[in-house]
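Novice: First the structure, which I've put down as structure tokens, then a few questions once you've had a look.
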Amino acid sequence: MIEERTGTISDPTRARYEAVIGIECHVELKTVSKMFCGCPNVFGSPPNTNVCPVCLALPGALPVPNAKAIEAIVRAGLAFGAAIPEHAKFDRKNYFYPDMPKNYQISQYDMPLTVGGVVRYWLEDGTRGECRLTRIHLEEDTGKSSHASADGRLAGATSSLVDFNRAGVPLMECVGEPDLRSAEEAVAFLESLARTFRELGVSDVKMEEGSLRCDANVSVRLRGATEYGTKAEIKNMNSFRSARRAIESEIERQIAVLESGGRVIQETRGWDEAAGVTHSQRSKEEAHDYRYFPDPDLVPLDSPPAAVETVRATLVETPYDRYVRYVDRFGIASKQATQLVDDGALSGWFDRAANASGQALAAANFVLGDLSRLANESGTPVADGKVTPAALAELVQLTQSKAIGSSAAKQVLEILWAEGGSAKTIVEREGLAQVSDRGAVAVLVAEVLAANPKVVADYRGGKTNVLGFLTGAVMKASRGKANPSLAQELLREHLDQK
Amino acid sequence: MDPLHDSAVAIAAAVHRGETTAADIAETVIPHVARIDAQVDAYLQLTPELMRAHARRVDARVAAGERPPLAGVPVAIKDNMCLDGTRTTAGSKILGNFVAPYTATAVQRLLDAGALPIGKTNLDEFAMGSSGENSAFKMTRNPYDLERVPGGSSAGSAAAVGAFAATLSLGSDTGGSIREPAAFCNVVGFKPTYGRVSRYGLIAFASSLDQIGPFARSVEDAALAYDVIAGKDPLDATSVDRPAEPTAVALPRDLRGVRVGIVKEFDTSGLASSIDACYRSAYDELAALGAELVEVSLPTAKYGLATYYLIAPAECSSNLARFDGVRYGLRVDGADVGEMYERTRAAGFGPEVKRRILIGTYALSSGYYDAYYVKAQKARTRIAEDFARAFERCDVIASPAASSPAFGFNAKSDPVAMYLMDYYTIPVSLAGLPSLSVPCGAVVPEGGSSPMPMGLQLASPLFTERALLGYAHAYEQATRHAEKLHPVTAVTR
């Protein structure tokens, strides 16, 4: 971590201001083919191999929309409670750029596929929030330019190359309302979007492959003010971490400008990851006139209510709703709940185990504790391992009913991981049932006390914390089977008799 | 059977019957076309080897028992339609070196039907023009007077059929680019309903107006070609998914019971008296065939030209943005990519194309969009509504195809004078209607000595191609105007 704060703004000054942030992000859809042609939508192919007359914009080629991409946007919108207007259309956004083959992008201007909706999110500490969506619309991605210069930038390049494999990949643009008030909230919003898109299967949301790219509109104002300040649009944030740093840096920059008596100007600023600052790229006066107009090559998009309901019927619980269920109903801590939610397969597996056991919290502790450790050590995900949710549920029940102790439970889990099968059968086979018979445990307690006269003397001399050591010794003598609370109770009885 | 002068129907039938072969037809046609084209310059490119290859394929199919509907029929393709492996220029320097790597759907359907491609025909650059003079490469001559234009933009496709240098050809019509040159060249030119024929592979001028259609020397041949190229194409989202009923069968012989609308606002009395007389006589001929002539009104048609010259340039300004020197076609290097764009487009586009890109860019610009583009779209809707109302009172509308016969080269140096040539065809295009021009007589033009062909435009409601072709066939068979004129290229019928 280089620097999280520029250090130029004192905390009391910082505290007088409030940031207002709105996020726009572009997410590549995970479809089989591109948006307007049949070329494969895959990442990492050799340059200019997934191309055809349509996505190269050869003379005479025409776009035909990918119905799966349209459905994906409708699903995404519905997941956030957006309205799906009956009529939508594609428009052309006109501007020249070498990696955009037609020199216009097919996008949606005033009649997007989805309108409104709310993204609910949670912060690391469990605080919850929500941010309204303006719209989600569908468009096409551009190709990728690479420049033959020392630093790979256009400036000073002697020539440039373009790879059109990405040109025409379906791209979902999500526009959020300026409801976010900190970099943390902005990142939590993005994470919630990303989780939902993954859950819906509409995108892989791989930032390193550029399948999620976001811009942030940032302004600051004095706390209590009702008018928005002048905003700057921050571009080129390539990870959640860089989004957090960029927004934080921009907030500080704007406060510094205002504090020094200056004025924030409306402009586009690029985030410089290495330098940790934003740079001015383009002011509003230089803004493009995109000359949007309805694309005459495409017919209007109709979403009849019945078709929308068919899609809605396929929706499942959103990651946010799952998180809330885990925390509010199951009592799982926020961090653990997040861990579960972020691993879709694990979370599904956990839900089955939690249902079968009726002990969600205990099941969560196993899943995120010993079971995840075993999974990490072996490299096999929990959901792909030999432990079935039913077997874990049994184990949870055996533990909760104190039929076996915690160290026995650990052993059973290891055997289950290696062999599969039923927890009960293993407990019986290995003789791991917890010993709760007072007489049997009392024999062991007597043995341990006899063998440790010095420790007994220490206890009686006031060092009562040696009780743990003595309990451990009883457990060890029982090969882990003694009921530890019974052992402790009996130890105390003996030790406290003078 | 004479493959140079007979109809497509007759040629295909002869090939089907085994009276001749496609290969023989190709060998007869190739030298003949070269001879005629030396005078007319209808073609930008002849494709004899491709023609021979297709002829062999057709003969093999016929030998195998197939009966392709256009077996052995020599066809010409307007050079704004892609044909795999051939140079496809759209009449522009910017595509002077562009070799298409795929074939347009309509062209492919012709070839699949057994047609033999003679070559690619000249056109006004990017189909923008009404005389053919905007071609970056050559001036096509009118086969009925070599000192006059063939009309445009489908200049070469009309001239080739008119000169007997092709049996059929494909053109494209945005505001009249099939109908006007058909009228000038004494042939039938047919623009189907917008969406009937796939635009895939047609280099776009104005996407919401462009439509491919055939030129032929008879309505029946045009119907035959239309039946082959019409129909839904999964590669064109605007192609309509409704069955195109065959039109080349059971064409009627008279017009009894047909109500022909004569448009009040298209009164020809203001035109030269010979032209006015020509159209009046054409209407009388319709009535003589049993048609009932009814006056209809298109009060908004007078806004057609203004509407068209906003919508078409707006779409063209965006459609032609792809010609940037990056991926194909002409590139003129510059210090940076911006300068490369500027130099490439400055050198690659002709003046009319530049004019329309400028008009269109302006019409779509922030602050002008509502006043120009949006208003033009509203006017377009009103024009279409006017036609719909008129069709409550008539089955087909008859009007001039053009306001004059073919004019001389460089006669229309004022762009607006040129635009006015399409006064009667543009409103029909804006409404998306099926429409054709059929020969309706001849007029000695001002300053001319010999009579030049005239065309009658017929337009009917959306998707009524079959009825429209029927009316035109009845008129053509009863009047036989085309046969009264002979091209000066020394070929007689």
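Novice: Which residues, taken from segment B:318-344, are at the interface with another protein chain (Cβ under 9 Å from one of its Cβ atoms) and small (G, A, S)?
Specialist: Of everything in segment B:318-344, those that are at the interface with another protein chain (Cβ under 9 Å from one of its Cβ atoms) and small (G, A, S) turn out to be B:S318, B:A321, B:G329, B:G338.
Novice: With the requirement that a residue be in a loop (DSSP other than H, G, I, E, B) and touching a Pro at 6+ places or on another chain (Cβ under 6 Å), what does segment B:307-361 give you?
Specialist: B:V326
Novice: Give the residue, chosen from B:R343, B:R355, B:R259, B:R280, that is touching a Cys at 6+ places or on another chain (Cβ under 6 Å) and either β-branched (V, I, T) or surrounded by fewer than 18 Cβ atoms within 10 Å (Cβ to Cβ) (or both).
Specialist: Numbers: B:R343 fails: touching a Cys at 6+ places or on another chain (Cβ under 6 Å); B:R355 fails: touching a Cys at 6+ places or on another chain (Cβ under 6 Å); B:R280 fails: touching a Cys at 6+ places or on another chain (Cβ under 6 Å).
Step by step, each of B:R343, B:R355, B:R259, B:R280 is checked, and only B:R259 is touching a Cys at 6+ places or on another chain (Cβ under 6 Å) and either β-branched (V, I, T) or surrounded by fewer than 18 Cβ atoms within 10 Å (Cβ to Cβ) (or both).
Novice: Still on this model: Would you check if A:V118 is under 26 Å from B:V337 (Cβ atoms), touching a residue at least 24 places away in the same chain (Cβ under 8 Å) and touching an Asp or Glu at 6+ places or on another chain (Cβ under 7 Å)?
Specialist: In short, no.
Novice: Select from segment B:261-301 the residues that are among the charged types (D, E, K, R) and modelled with pLDDT of 95 or more and write down the one among them that is farthest from B:A459 (Cα to Cα).
Specialist: B:D276
Novice: Sticking with this one: Examine segment B:379-391 for a residue that is of a type in the set (D, E, K, R), touching a Leu at 6+ places or on another chain (Cβ under 9 Å), within 12 Å of chain A (Cβ to nearest Cβ) and closer than 28 Å to B:A155 by Cα, and state whether such a residue exists.
Specialist: yes
Novice: Please state which of the following conditions B:E315 fails to meet, knowing it meets all the rest: (1) of a type outside the set (F, W, Y); (2) in contact (Cβ under 8 Å) with a residue 60 or more places away in the chain; (3) over 27 Å from B:I262 (Cβ atoms); (4) more than 9 Å from every other protein chain (Cβ to nearest Cβ).
Specialist: For B:E315, the exception is condition (4).
Novice: Right, something else. Buried (at least 17 other Cβ atoms within 10 Å of the Cβ) and not in a helix (DSSP H, G or I): which single residue out of A:V341, A:V387, A:V412 fits that description?
Specialist: Going through A:V341, A:V387, A:V412 in turn, the sole match is A:V387.
Novice: Restricting to segment B:413-466, what's the tally of residues that are part of a helix (DSSP H, G or I) and buried (at least 20 other Cβ atoms within 10 Å of the Cβ)?
Specialist: 10
Novice: Sticking with this one: Determine whether segment B:126-137 contains at least one residue that is buried (at least 24 other Cβ atoms within 10 Å of the Cβ) and free of Cβ contacts under 8 Å to residues at least 40 places away in the same chain.
Specialist: Checked against the condition, which is being buried (at least 24 other Cβ atoms within 10 Å of the Cβ) and free of Cβ contacts under 8 Å to residues at least 40 places away in the same chain, segment B:126-137 yields no hits at all.
Novice: So is B:A106 within 11 Å of another protein chain (Cβ to nearest Cβ), in contact (Cβ under 8 Å) with a residue 24 or more places away in the chain, closer than 21 Å to B:T167 by Cβ and surrounded by 24 or more Cβ atoms within 10 Å (Cβ to Cβ) or not?
Specialist: Taking the combined requirement at face value, the residue satisfies it.
Novice: Next up: Check A:V169, A:V257, A:V277 and return the single one that is under 24 Å from the mean Cα position of the chain (by Cα) and β-branched (V, I, T). Walk me through how you get there before you give the answer.
Specialist: Working: A:V257 fails: under 24 Å from the mean Cα position of the chain (by Cα); A:V277 fails: under 24 Å from the mean Cα position of the chain (by Cα).
Unique residue meeting the criteria: A:V169.
Novice: Can you pull out the residues in segment B:232-271 that are of a type in the set (S, T, Y) and farther than 16 Å from B:E295 by Cα?
Specialist: Of everything in segment B:232-271, those that are of a type in the set (S, T, Y) and farther than 16 Å from B:E295 by Cα turn out to be B:T238, B:S239, B:T247.
Novice: Restricting attention to segment A:315-338, report how many residues are assigned to a helix (DSSP H, G or I) and either hydrophobic (A, V, I, L, M, F, W, C) or farther than 18 Å from A:F197 by Cα (or both).
Specialist: 10
Novice: Here is a list: A:R75, A:R92. Which entry is surrounded by 23 or more Cβ atoms within 10 Å (Cβ to Cβ) and either assigned by TED's automatic domain parsing to the domain that holds A:T226 or in contact with a strand residue (DSSP E or B) (Cβ under 8 Å, 6 or more places away or on another chain) (or both)?
Specialist: On the way: A:R75 fails: surrounded by 23 or more Cβ atoms within 10 Å (Cβ to Cβ).
Every option except A:R92 fails the conditions.
Per-residue answers, yes or no, for (1) more than 30 Å from A:A88 (Cβ to Cβ); (2) within 14 Å of chain B (Cβ to nearest Cβ); (3) at pLDDT 95 or above:
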{"position": "A:I247", "(1), (2), (3)": "yes, no, yes"}
{"position": "A:G270", "(1), (2), (3)": "yes, no, no"}
{"position": "A:E285", "(1), (2), (3)": "yes, yes, no"}
{"position": "A:D289", "(1), (2), (3)": "no, yes, no"}
{"position": "A:F293", "(1), (2), (3)": "no, yes, yes"}
{"position": "A:D297", "(1), (2), (3)": "no, yes, yes"}
{"position": "A:V316", "(1), (2), (3)": "no, no, no"}
{"position": "A:Y320", "(1), (2), (3)": "no, no, yes"}
{"position": "A:D328", "(1), (2), (3)": "yes, no, yes"}
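Novice: Being of a type in the set (G, A, S) and touching a helix residue (DSSP H, G or I) at 6+ places or on another chain (Cβ under 9 Å) is the requirement here; does B:A64 meet it?
Specialist: Criteria not met by B:A64.
Novice: When you scan segment B:204-242, how many residues do you find that are in contact with a Cys (Cβ under 9 Å, 6 or more places away or on another chain) and of a type in the set (K, R)?
Specialist: Here the count works out to 0.
Novice: Further question on the same structure: Using beta carbons and a limit of 8 Å, which pairs, at least six apart or on different chains, have the first residue in segment A:172-185 and more than 17 Å from A:D110 (Cβ to Cβ) and assigned by TED's automatic domain parsing to the domain that holds A:F240 and the second one of a type in the set (D, E) and in a helix (DSSP H, G or I)?
Specialist: Listed pairs, sorted by first residue: A:A183/A:E248.
Novice: Here are some residues: A:L222, A:L190, A:L200. Which one is aliphatic (A, V, I, L, M) and in contact with a Cys (Cβ under 8 Å, 6 or more places away or on another chain)? Even if it seems obvious, please write down each step before you answer.
Specialist: Working: A:L222 fails: in contact with a Cys (Cβ under 8 Å, 6 or more places away or on another chain); A:L200 fails: in contact with a Cys (Cβ under 8 Å, 6 or more places away or on another chain).
Result of the check over A:L222, A:L190, A:L200: A:L190.
Novice: Still on this structure, I have one more. Can you tell me which residue is nearest to the chain's Cα centre (by Cα) among those in segment A:299-314 that are more than 13 Å from chain B (Cβ to nearest Cβ) and part of a loop (DSSP other than H, G, I, E, B)?
Specialist: Across segment A:299-314, the extreme among qualifying residues is A:T314.
Novice: Tally the residues that are over 22 Å from the mean Cα position of the chain (by Cα), part of a loop (DSSP other than H, G, I, E, B), surrounded by 16 or more Cβ atoms within 10 Å (Cβ to Cβ) and within 10 Å of another protein chain (Cβ to nearest Cβ), restricting the search to segment B:60-101.
Specialist: Count: 1.
The values are calculated or read from the model by the stated rules, or taken from the named source; none is laboratory data. Treat the numbers as computed from the prediction; the structure is a model and nothing was measured. With ideal geometry, Cβ positions are generated from the backbone for all residues, glycine too; neighbour counts draw on all protein chains shown.
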